[in-house]
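Step one of this worksheet: look at the structure below.
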Amino acid sequence: MSLDVIHEHMSDVVNTKINSIISKAELIEPSFTLSQVIDRIVNTEVFDVFCQEKKSTLTLNVRDLLNSKYSVPMNIKYLLHPVPSLSENDTVGKAVDIITHNRIRAAPVVKNGVIIGVVEAKNILKLISEKDNKWIRANQIFTPNPVIIDVNTPLSTARRMMVDKKFDHLPVVNKDKISHVLTSYHLLSIALPPERVGKKDIGSKMIRSLESRVGNLGTNRVVSCSPLDDLNTVVDSMLHVNASFCLVSLWDNLQGIITYRDILNLLTTKLKSTVPLFVVGMPLEDNANIITQKFTKALDRLQKVYPDIQEAKVYVKKLHGNGSRFNYDVSTVIITPHKKFVFARTGFDLSKVFDEIAQRLLRSLTQRSKKRYKLSIRKMTR
């Protein structure tokens, strides 16, 4: 599946104005307690909540809450982090960049310093579903070999896996079959304290809950498909039951999982380069253009000594930690006629991370290229 073909096919979705798909934002206040935010998320079934403080748009999501330590005092102000916002005239492409880079499911829309709504990932999926995507297959976009857990797995183990691996879905196996899926949302819901429980009991309740096994906690609304099902079938099934995932199975064997992120990754940004270069989730920062220009030059150099390179794809994600600091997680996929090469780095300085990946791929692929040509010469002289 050529990324060039996908990019051209999805270009009208990428360039669509967001004003037609803005939905209601779930707003909170920086003064809210942790229990108030969890209560709001559980009752409204949203993944992200937002607030405006001075000139900054701040957000908090289910994954952030799972990663936090439940301690007293439990004010959520220290968990909030800034997120770029959209204007009504922005495009879906910009919304996708914000969603994929910040690992959220909705991008806030701000007008005159006020949050007027959000662009949700599932509403972007609705735009994609309106196209003829029957030539794009599930096995071309899924994440292979998803992590699974048993019904007897402790919830504390499931939480640690989600936090460490940075994902939100764990298929649950009961007697060698997938029975349901544990999501980060359902795992968070067990932290919701009873209405009259005091603050001092909230943390202990979370600990006691996490000591129990997974059991039947999760969702039974399991969307599934076969590896050869088309993208329209997958998206329509997810939207029909309002699911954020689809399990890909063959003969009752789990092959992979498709999430919002896997589908949004099809809406890439193409950059000018000798080697076709596609970027997912590049942050909206002043030095982003400089970083991509440097990386493009590295690819151009590489293409001269390794002409077999067909395409390159870069994924940029922001990993939130404690406090105001966060890591950038960057992975690059280099596609040749015979193999895919993956290079990944994580660090606080995005420019440095890109430089390290560029140096590594130049070193690695040029060595392979030289070795290959030496073998060819040896064969010719015999």
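Taken together, the values in this text are just the output of simple stated rules run on the coordinates, not laboratory data. Just so you know, these numbers come straight off a predicted model, no measurement behind them. Every residue, glycine as well, gets a Cβ built from its backbone with ideal geometry; the counts of neighbours run over all protein chains shown.
Quick one: length gained pulling Gln293 to Asp252 fully straight, 0.36 nm per residue minus the C-alpha distance? Don't skip to the end; give the middle numbers.
Numbers: separation 41, 0.36 × 41 = 14.76 nm, distance 4.59 nm.
Difference between extended and current length: 10.2 nm.
When only Cα pairs below 8 angstrom with a gap of at least 6 residues are kept, the range 59-142 shows a relative contact order of 20 percent. Shown here for the range 296-357: trypsin sites (Lys or Arg not before Pro) in loop regions (DSSP other than H, G, I, E, B) with at most 13 other Cβ atoms within 10 Å, namely Arg325, Lys339. Length available on full extension from Lys24 to Asn216: 0.36 nm per residue minus the Cα-Cα distance, which gives 66.0 nm.
Restriction of the trypsin sites (Lys or Arg not before Pro) in the range 61-134 to DSSP coil positions whose beta-carbon has at most 14 other beta-carbons within 10 angstrom yields Lys69, Lys134. Take every Cα pair under 8 Å whose residues are at least 6 apart in sequence, average their separation, divide by the length of the chain, and the relative contact order is 15 percent. Taking a straight line from the alpha carbon of Lys340, these aspartates and glutamates sit under 16 Å away, with near neighbours fewer than eight places off in the same chain left out: Asp308, Glu311.
Using a simple spin-label model with pseudo-atoms 7 Å out from Cα toward Cβ, Phe348 and Thr16 lie 4.1 nm apart. Loop-located trypsin sites (Lys or Arg not before Pro) in the range 212-291 (DSSP state other than H, G, I, E, B) with a sparse environment of at most 16 neighbouring Cβ atoms within 10 Å: Arg221, Lys272. Treating cross-link reach as a plain straight distance, find the aspartates and glutamates whose alpha-carbon is under 14 Å from the alpha-carbon of Lys352, omitting any fewer than eight places away in the same chain. Excluding near neighbours in sequence, the set is Asp329. Here the calculated FRET efficiency for Val114 and Ser68, from their Cβ-Cβ distance with R0 = 30 Å, stands at 0.65, rounded to the nearest 0.05. Sorting 223-229, 159-165 by their mean Cβ neighbour count within 10 Å, with the most densely packed peptide first, gives 223-229, 159-165. Report summary: the helix-based calculation at 222 nm, which adds -39500 (n - 2.57) for every DSSP H run with n ≥ 4 and divides by the residues of the chain, gives -11500 deg cm²/dmol. Peptide packing for 17-26, 243-252 was compared via the average number of neighbouring C-beta atoms within 10 Å per residue; ordered from the highest value, the list is 243-252, 17-26. The modelled label-to-label distance between Gln310 and Leu362, using points 7 Å beyond Cα along the C-beta direction, is 2.6 nm. Of the residues Val151, Val114, Asn327, the one whose Cα sits farthest towards the positive end of the charge dipole of the chain is Asn327 (charges of +1 on Lys and Arg Cβ, -1 on Asp and Glu Cβ, taken about the Cα centre).
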